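Dropping the structure in here first, questions after.
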Amino acid sequence: ASTTTSKSLRFRHGSSARYDSDFAPNQKWVRLSGRICSDFVDETPELNEIYSSGPFESDAANSPNRTIESPASSLGALTLAAEALTSLESASWSPRPLYTPTHSPSSAKRRCTNDSVYSFSSAHQALENHGSSASPNNDLSTGDFSQEASIEQLHQASLLPNQNLSHVTLQEACLMRYFIDNLACWFDLADPDRHFALVVPQRARHCPALLLSIYTASSRHLCRLSRYLNPTTKRVEYLGKTLPDLHIDTAVEYHSRCIEYLVNSSNDPEAIFDVDLLTASIILRFYEEVDAPFNGGDWEASLRGARVFIDAQASSHRPSSPEAQESPIISSLRCAAFRVACRQEVYISFTKQRPPFPLSSASCQTQVYRLLDPCDDYIWSHRAVVHCSDVLTFCYGPLSQTTSSYDILLQYHQEWTRLRPDSFDPIWESQADEGVFGELWFLSDCHVTGVQHWNLAEILLTVYDPRIPRLGPNQKSAAHRIEKQVMAIVKKLCGIAISNRRAPPAMITACIAIAMCGDQFTDLHEQQALLEVLRETDVEYAWPTGHIQARLRAEWGW
């Protein structure tokens, strides 16, 4: 049968999994378990929408007249999420320098019909109202959803073969322990309730996808750190336990089983609203970042899958009946997952130099993160993240970079600094003596996160100032001034990172700044210091930076 459509479809050729490659005789193959999913789902509407628009043309999806999804469309969306999580593009990630030129309503779940993309007028409104508005509501839930029996039955009935969530092997126990002790802090930045350390492991006992996503991330991260590898036996050792079956391909096996569960879940249209599957997709996104050197450098496959869950769960209505409302823990976990997704979008947007997916506007129904009212430090910290996302939208978005829009962002930037609590000031600060980077100690990772994202936004606001002369006698002096300001911010970001190593993502933020602006450094001593930050992040934190190091060496003429 042939299918006709009025839209021009664009297909991606080749496979990042390299199925068309020749394999070595000693190729290791992933063990498969469970049944092969043979159900057919008509995904033509979703595919038409994807292939007929660019990856960041989301105006239709966020228009005020967006279509309300039916369970059938939710089913297709979840299938697309599972497929997105398995797809890896073949193009490797090579960040460009910052200065380069440049159906029917569903009674079960309803989609919000009045979603709108953030406009700069909302920031202007925040600036006007911050002195008179009431204190923000600390209830950050995006909506209440019933904990449908079908979802619980799905978790229990869809357990993969030989998987008993109550009895785990030594290796699986070590991977769970590693996630709690070493990886949860990557997600729990500015989260006073530490959802990923305390709530997620408990919920993983009843959700195979969530459990397998934890095993996936832990196994890849653990195997990348040489300090856990016994040099004699070449086996991984953790907490004094030898794990002979844990190797570099183990993460792929767990990942495949996790995807198998997500594919099985696509038979249930309610699964797209499951907070545990949303959280699993967020963790798989982290795995993808750590796995970048092994999958060809793509950072966005899992992010595309996560967006499907976020879009469904962020834009759903609260149920009208009190008995249908979900527990506060689920609402709180969903908001924590949204905040992590927002930070992930900022990172990928900064490195890819494209507008972020509008997650920040979906983080909660209120505009608490764009206000300037008094609130706790954790909300102030995430306000800096959302502000950074808004600045990225201004810099890389489709709208023209008007002076008025820039002034609104700049004013918010300045007001955030003026009105934020004094606890965001460093408790100790010293200038660099012989070294390149100074020391800046902060009270907690909450303050580190807020200050670093504020500095990332400052880099963008400095470079994308529409008043910068492009030609004429003042152009050269303006370019020199901007270059000097940007280099100072990069060095400050590095100083914050190495002075607060208890917050590993701070090193990642510093590396992103180096990747974007490192080519501006000409002093050999400073270049060596930047490379050391990249090297430490790779070796000590298992975050791949080899490609950034190689590119900078080439640009510096080493």
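The values are calculated or read from the model by the stated rules, or taken from the named source; none is laboratory data. In this text the structure is predicted, and so the values were computed from the model without any measurement. Don't worry about glycine lacking a Cβ; one is built from the backbone with ideal geometry, like all the others, and counts go over all protein chains shown. Side chains are part of the model used for accessible areas, which takes the heavy atoms of the whole protein and leaves out ligands, DNA and RNA. Shrake-Rupley method; radii C 1.70, N 1.55, O 1.52, S 1.80 Å.
Could you tell me whether any residue of the stretch 477-500 is within 28 Å of the chain's Cα centre (by Cα), in a loop (DSSP other than H, G, I, E, B) and either at pLDDT 95 or above or surrounded by 19 or more Cβ atoms within 10 Å (Cβ to Cβ) (or both)?
Scanning the stretch 477-500 turns up at least one residue that is within 28 Å of the chain's Cα centre (by Cα), in a loop (DSSP other than H, G, I, E, B) and either at pLDDT 95 or above or surrounded by 19 or more Cβ atoms within 10 Å (Cβ to Cβ) (or both).
Which ones in the stretch 301-324 are modelled with pLDDT of 80 or more and either small (Gly, Ala, Ser) or open to solvent by less than 20 Å² (accessible area, probe 1.4 Å) (or both)?
PHE309, ILE310, ALA312, GLN313
Just for the stretch 222-248: of the residues that are closer than 21 Å to PRO544 by Cα and open to solvent by less than 50 Å² (accessible area, probe 1.4 Å), which one is farthest from the chain's Cα centre (by Cα)?
Taking the candidates together, the pick is VAL236.
Right, next: Can you work out which of the residues in the stretch 325-344 that are of a type in the set (A, V, I, L, M, F, W, C) and out of contact with any helix residue (DSSP H, G or I) (no Cβ under 8 Å at 6 or more places or on another chain) is surrounded by the fewest Cβ atoms within 10 Å (Cβ to Cβ)?
The extreme case among them is ILE329.
So which residues in the stretch 506-555 are open to solvent by 10 Å² or more (accessible area, probe 1.4 Å) and touching a Ser or Thr at 6+ places or on another chain (Cβ under 8 Å)?
Passing the criteria: ARG535, ASP538, VAL539, TRP543, HIS547, ARG551.
Right, something else. Looking only at the stretch 514-522, decide whether some residue is over 21 Å from the mean Cα position of the chain (by Cα) and outside any helix (DSSP H, G or I).
Checked the stretch 514-522: at least one residue is over 21 Å from the mean Cα position of the chain (by Cα) and outside any helix (DSSP H, G or I).
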